[in-house]
Amino acid sequence: MRLDKYLADMGIGTRSELKKGIRKGNVTVDGSIIKDPGFQVTDTMSVLYCGKPVQYETYSYYMLNKPAGVISATEDQTQKTVIDLITENKRSDLFPVGRLDKDTEGLLLITNDGPLAHKLLSPKHHVNKAYYARINGIVSNQDIKAFQDGLKVDESLTAMPADLTVLHADPDTHTCEVEITIQEGKFHQIKRMFQAIGMEVSYLKRIKFGNLILDPALSPGEYRRLTDNEINTLHTHNI
Ligand code: URA
């Protein structure tokens with residue numbers, strides 16, 4: 001791979017910035033200054049940019065605790081996106097795996113691994129997604145059963161069976177907190193499911209995606225790279 005592409009892929013700068021930097025002598029490969037942006041780098045070579053090692057990775061993986069108010073897109077003219085929240089040197093081909101609504105918080109996987117994303121999002125793989133939600137209304141045992149049986153949401157959606165657990169119910173405010181696990185990811189799915197039983201979701205946060213659990217140390221807007229273990233479990237998920 002060309003040296004300028006190697007560095008650009010790893011988010012060090014744009015190709016044109018890097019061409020200049022390389023020509024200035026900012027880059028060493030295996031200890032020698034290389035001034036040719038087209039120099040071919042191989043896996044075993046050690047690349048330093050301004051003295052700092054740059055290790056190539058084919059795929060990068062981040063766990064973001066999405067805050068409310070940002071959109072699940074890669075770029076937008078006017079609104080802040082989840083990719084804008086990744087502030088370290090980042091590769092240019094990152095995207096969010098699936099979408100959370102603008103007002104939804106919680107776990108969003110961000111990667112450039114297209115094949116994995118495809119697998120995790122494919123309806124035939126039934127990847128569990130768990131959410132914590134606050135509901136205006138009190139969920140009854142009948143509602144839980146209806147969710148379990150596969151709720152008819154509207155003419156265009158009959159939801160697959162969903163696990164619904166009431167964590168806390170407050171009769172005074174007529175609200176409750178629930179955990180709900182679904183296997184689909186239809187547009188506004190959870191809000192529409194509660195709407196179908198006459199209730200409104202006032203707060204929604206994703207806490208699990210497949211085998212991945214939202215790191216409680218991440219405040220809304222914070223992110224971290226996945227551990228090797230988390231990456232492996234995502235790949236070996238029984239999907
Ligand atoms: N269901 C919704 O209604 N919204 C989300 O963001 C995710 C699931």
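Summary table below
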{"quantity": "Probe 1.4 Å, protein heavy atoms only - accessible area per residue of the range 34-158 in square angstrom", "calculated": "53"}
{"quantity": "Estimated inter-spin distance, GLN55 and ASP84, nm [label 7 Å along Cα→Cβ]", "calculated": "3.1"}
{"quantity": "Over the range 156-239: Kirkwood hydrodynamic radius from C-alpha pairwise inverse distances, Å", "calculated": "15.3"}
{"quantity": "Tail beyond 26 Å, pair distance distribution of the range 92-218 (Cα, percent)", "calculated": "22"}
{"quantity": "Gain on full stretching of the segment that runs from HIS174 to SER46 - 0.36 nm per residue minus C-alpha separation", "calculated": "39.9 nm"}
{"quantity": "Listed residue pairs exceeding 25 Å between alpha carbons, taken from LYS5/LYS119; LYS24/LYS80; LYS19/LYS66; LYS66/LYS152; LYS5/LYS52; LYS5/LYS208", "calculated": "LYS5/LYS119; LYS24/LYS80; LYS19/LYS66; LYS66/LYS152; LYS5/LYS208"}
{"quantity": "Quarter of the Cα convex hull surface for the range 36-78, i.e. its orientation-mean projected area (nm²)", "calculated": "6.0"}
{"quantity": "Extension gain (nm, one decimal) between THR181 and LYS102, 0.36 nm per residue minus Cα-Cα", "calculated": "26.5 nm"}
{"quantity": "Rounded to 10°, Cα long-axis angle of helix 15-24 versus longest principal axis of the chain", "calculated": "30"}
{"quantity": "Ranked packing of 103-111, 44-52, 130-138, most packed first, by mean Cβ within 10 Å", "calculated": "103-111, 130-138, 44-52"}
{"quantity": "Cα→Cβ-extended label distance, 7 Å offset, between THR74 and ASP215, nm", "calculated": "2.4"}
{"quantity": "Portion, in percent, of the accessible area of the range 197-239 that falls on carbon or sulfur, probe 1.4 Å", "calculated": "49"}
{"quantity": "Cα point-scatterer Debye curve for the chain, base-10 log of I(q)/I(0) at q = 0.08 Å⁻¹", "calculated": "-0.40"}
{"quantity": "Cα radius of gyration and Dmax for the range 75-143 (Å)", "calculated": "15.8, 50"}
{"quantity": "Accessible surface of VAL166 - all protein chains present, 1.4 Å probe, nearest 10 Å²", "calculated": "50"}
{"quantity": "The chain, relative contact order in percent, only Cα pairs under 8 angstrom and at least six apart counted", "calculated": "20"}
{"quantity": "Where N is the number of residues in the range 1-47, Cα Rg divided by 2.2 N^0.38 Å", "calculated": "0.98"}
{"quantity": "With 5 Å bins from 0: P(r) over the range 14-115, alpha-carbon pairs, percent", "calculated": "2, 11, 19, 17, 13, 11, 11, 9, 5, 1, 0"}
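The values are calculated or read from the model by the stated rules, or taken from the named source; none is laboratory data. All values derive from a computational prediction rather than experimental measurement. Cβ sites come from the backbone with ideal geometry, for glycine too, and all protein chains shown count toward neighbours. Heads up: the accessible areas ignore ligands, DNA and RNA and are worked out on the full protein's heavy atoms, side chains in. Shrake-Rupley method; radii C 1.70, N 1.55, O 1.52, S 1.80 Å.
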